[in-house]
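For reference, the structure is listed below as structure tokens.
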Amino acid sequence: MKKAKGIEWHYPRLDLAEAYLSQFATGIGHSITLFAPRRKGKTEFLVDDLAPAAEKAGYRVVYVSFWAFKIDPARALLDALQESAKKKSILGRARKFLSSPVSKLEAEGRLPGANLKLGAELAEEARADKTILLEMPKAMDELARLARNGKVILLLDEVQFLARPAHEDFIAALRTALDTRKRTVHVVFTGSSRGRLQDMFDCIQAPLFQFSQTTTFPDLGEGFTSFMAVNFKAATGRTLDEPEAWEAFNLLSCSPGLFREAINHTALSGGNDILDHAKTVRDMTAARSDLQGMWNRLRLLDRLVVRSVVRGEGIYSDSTRREYARILGVDSVSTSQVQAVVKRLTFEQVLFAKSRGAHEIEDTGFRDWLLRHLDEKSLTEGEN
């Protein structure tokens, strides 16, 4: 949907931005890690709310998305630090970065010479240039010198892509630089994989161990859907039923990106049935994400464990393992067999270890798809 003249489609979250900034200003913390699944509005919040509020408060702000620069994140950060020394606003720099052809191609894995997912193989070989690692802290100090309040905020988006052996030198150098600059350089990390963030911040061997506490980026409330309903009427002259809009938003796993897609479909349809179009978007998203294929590729014991997790059942109990054995047609299923499945599915980001012995489905879209389809799908359907 084209942006109607005079209508601002961005829903501001200034109170949330101020709350995060106040943690830095009061010295409560020097870094924050925000988790939310993709398309929950993290990047829009960073660029359109947090960054302008930080600049207004006198910070020099640096934005980098590691989703777009998986191969050489150290170079991407140094370039962003040096670019921030220029007078151009963070809003302009970030939008230019996010719309650049290289960023788009690399994010989609379509740069020349790339095979399948760009970075999945190459990032293992791309070690950070030591010259770049030495220049990073110097660039941070220069930015702090230029800042009106003498401080810098790094907005490091989608940091889970740094959880690779190839980036250990970069992460170690970044940790050292930040540890010695806690009064002048603050950081907001974001990520869309709880498992990978856990690998980076909660594992004792990780370079960023306990450097930053992960918090869940809050979902938008009914104010967002009411805001969009007002804009929809201003753009089309048609009225959305606000309770239906809120129901549609929840149907789409509270994803502002998917809800905007549903708004677009509704506007183009000439009607106002937002709920019907939300269902269409939900089904299209499931097809694009190949959720059925994800399910089909799981082994039978994998599916049994996933089903138990979705249902909130204890996956290691005697009764659960007896049920697994009955369906598998074997005498027994051991605790160690279930543990092996859980370990592998956690590594593959199907499951997330919420706490010791407690697991959740990592991807909320897959979880919601399972809740809709699990009972009607044969556990043995599509088994390899």
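The values are calculated or read from the model by the stated rules, or taken from the named source; none is laboratory data. Everything numeric here is computed off the predicted structure, so don't read it as measured data. A quick note on method: Cβ atoms are made from the backbone with ideal geometry, for glycine too, and the neighbour counts reach across all protein chains shown.
From the list 262, 229, the lone residue that is at pLDDT 95 or above, over 16 Å from residue 8 (Cα atoms) and either assigned to a helix (DSSP H, G or I) or in contact with a Lys or Arg (Cβ under 9 Å, 6 or more places away or on another chain) (or both) is 262.
Could you please give the count of residues in region 187-207 that are under 11 Å from the mean Cα position of the chain (by Cα) and among the β-branched types (Val, Ile, Thr)?
Of the residues in that region, 1 qualify.
As for region 298-315, it holds no residue that is surrounded by fewer than 17 Cβ atoms within 10 Å (Cβ to Cβ), of a type in the set (Ser, Thr, Tyr) and either outside any helix (DSSP H, G or I) or outside the structural domain of residue 239 (by TED's automatic domain parsing) (or both). Would you be able to say whether some residue in region 144-156 is under 18 Å from residue 209 (Cβ atoms), of a type outside the set (Lys, Arg) and buried (at least 20 other Cβ atoms within 10 Å of the Cβ)? There is at least one residue in region 144-156 that is under 18 Å from residue 209 (Cβ atoms), of a type outside the set (Lys, Arg) and buried (at least 20 other Cβ atoms within 10 Å of the Cβ).
Table: residues versus (1) within 26 Å of residue 12 (Cα to Cα); (2) crowded, with 24+ Cβ neighbours inside 10 Å.
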site	(1), (2)
45	yes, yes
48	yes, no
63	yes, yes
71	no, no
74	no, yes
79	no, no
85	no, no
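For region 278-292, does any single residue satisfy the condition of being in contact (Cβ under 8 Å) with a residue 40 or more places away in the chain, more than 16 Å from residue 364 (Cα to Cα) and either surrounded by 14 or more Cβ atoms within 10 Å (Cβ to Cβ) or outside the structural domain of residue 226 (by TED's automatic domain parsing) (or both)? Within region 278-292, none of the residues are in contact (Cβ under 8 Å) with a residue 40 or more places away in the chain, more than 16 Å from residue 364 (Cα to Cα) and either surrounded by 14 or more Cβ atoms within 10 Å (Cβ to Cβ) or outside the structural domain of residue 226 (by TED's automatic domain parsing) (or both). Here is the figure for region 316-349: residues that are assigned to a loop (DSSP other than H, G, I, E, B) and on the phi < 0 side of the Ramachandran plot total 8.
Step by step: first the residues of region 321-352, then only those that are surrounded by fewer than 18 Cβ atoms within 10 Å (Cβ to Cβ) and of a type in the set (Val, Ile, Thr), then the one that is nearest to the chain's Cα centre (by Cα). Which residue is that? Restricting to residues being surrounded by fewer than 18 Cβ atoms within 10 Å (Cβ to Cβ) and of a type in the set (Val, Ile, Thr), the top hit is 346.
With respect to the conditions (1) in contact with a Ser or Thr (Cβ under 7 Å, 6 or more places away or on another chain); (2) under 26 Å from residue 144 (Cα atoms), residue 195 falls short on a single one, namely (2).
Looking at 266, 239, which one is β-branched (Val, Ile, Thr), exposed (fewer than 15 other Cβ atoms within 10 Å of the Cβ) and more than 20 Å from residue 77 (Cα to Cα)?
None of the other options fit; the residue is 239.
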